[in-house]
Amino acid sequence: MAPPAARLARLSRAVSFSACHRLHSKALSDEENLKLFGKCNNPNGHGHNYKVIVTVRGEIDPVSGMVINLTDLKEYMQQAIMEPLDHKNLDKDVPYFAEVVSTTENVAVFIWENLKKLLPMGTLYKVKVYETDQNIVVYKGEEAISEK
């Protein structure tokens, strides 16, 4: 009897964190920032209860029956998401956002880069960040295609 074919699966885990930020680009004037970001450019900032869903992919291990041990994934997410972001002012407490506008798109990229350093190579599939129930960003590590 032939061995069973390897099965691929995707596994997702969710966490939530609270943080505040101000949408403001140093490349723009105060007037341009206000026009572009509106009330989200409030000098005192504003907060969100973010929800993040991380999806990994890989072969289902024939011995353990898992793509990844959920205990390990939970710890990686703690290190990559909760410790640097939860209950923080993104612009003031997270060095990455000192030079990068703290949009949800950039929060997703930050989380991706942090997780990529911790997870086994090639397993990170998708980071989905809910800023609100209506505003959601999905990032899969893609880079822009440069025109030649």
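Data overview
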item	result
Listed residues 141, 29, 98: farthest to the positive end of the dipole of the chain (Cβ charges)	141
Pairs from 35/88; 51/126; 51/128; 92/140 whose Cα-Cα separation, in the structure shown, is over 19 Å	35/88; 92/140
Cβ-based charge dipole, the chain, positive-most Cα from 56, 82, 129	56
Shape category assigned to the chain from the gyration tensor of Cα positions, a/c cut at 1.5	prolate
For segment 13-20, 3J(HN,Hα) per residue [Karplus equation, 6.51 cos²θ - 1.76 cosθ + 1.60, θ = phi - 60°, Hz, x = Gly/Pro]	9, 10, 9, 10, 9, 10, 7, 10
Net lengthening on full extension, residue 144/residue 72 (0.36 nm per residue, minus Cα-Cα)	22.8 nm
Amide proton proximity set for residue 125, modelled H, under 5 Å, gap of 5+	55, 56, 57
Carbon and sulfur %, accessible surface of segment 26-88 computed with the full protein complex present, 1.4 Å	52
For segment 28-73, accessible area per residue (1.4 Å probe, heavy atoms of protein chains only), Å²	66
Residues residue 61 and residue 133, FRET efficiency given R0 of 35 Å [Cβ-Cβ distance, rounded to 0.05]	0.50
From phi via Karplus (6.51, -1.76, 1.60), per-residue ³J(HN,Hα) for segment 65-80 in Hz, x at Gly/Pro	x, 10, 7, 8, 5, 4, 5, 5, 4, 4, 5, 4, 5, 4, 5, 8
Along the chain, longest interval not containing exposed GluC sites (Glu not before Pro), exposed being DSSP loop plus at most 15 other Cβ atoms within 10 Å	1-98
Table column - 3J(HN,Hα) (Hz), segment 31-41, Karplus curve with 6.51, -1.76, 1.60, x for Gly and Pro	5, 5, 4, 4, 5, 6, 9, x, 5, 6, 9
Structure-based [θ]222 nm, the chain - -39500 (n - 2.57) summed over DSSP H runs of at least 4, per residue, nearest 500	-6500 deg cm²/dmol
Local electrostatic count, residue 69, Cβ distance below 10 Å [Lys/Arg +1, Asp/Glu -1]	-2
Heavy-atom surface of segment 102-148, accessible at 1.4 Å and reported per residue (Å²)	65
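The values are calculated or read from the model by the stated rules, or taken from the named source; none is laboratory data. On a predicted model such as this, the values are computed, not experimentally measured, just so you know. Note: ideal-geometry Cβ built from the backbone for every residue, glycine included; neighbour counts use all protein chains shown. The protein model used for the area step is the full one, side chains on, heavy atoms only, and it has no ligands, DNA or RNA in it. Shrake-Rupley method; radii C 1.70, N 1.55, O 1.52, S 1.80 Å.
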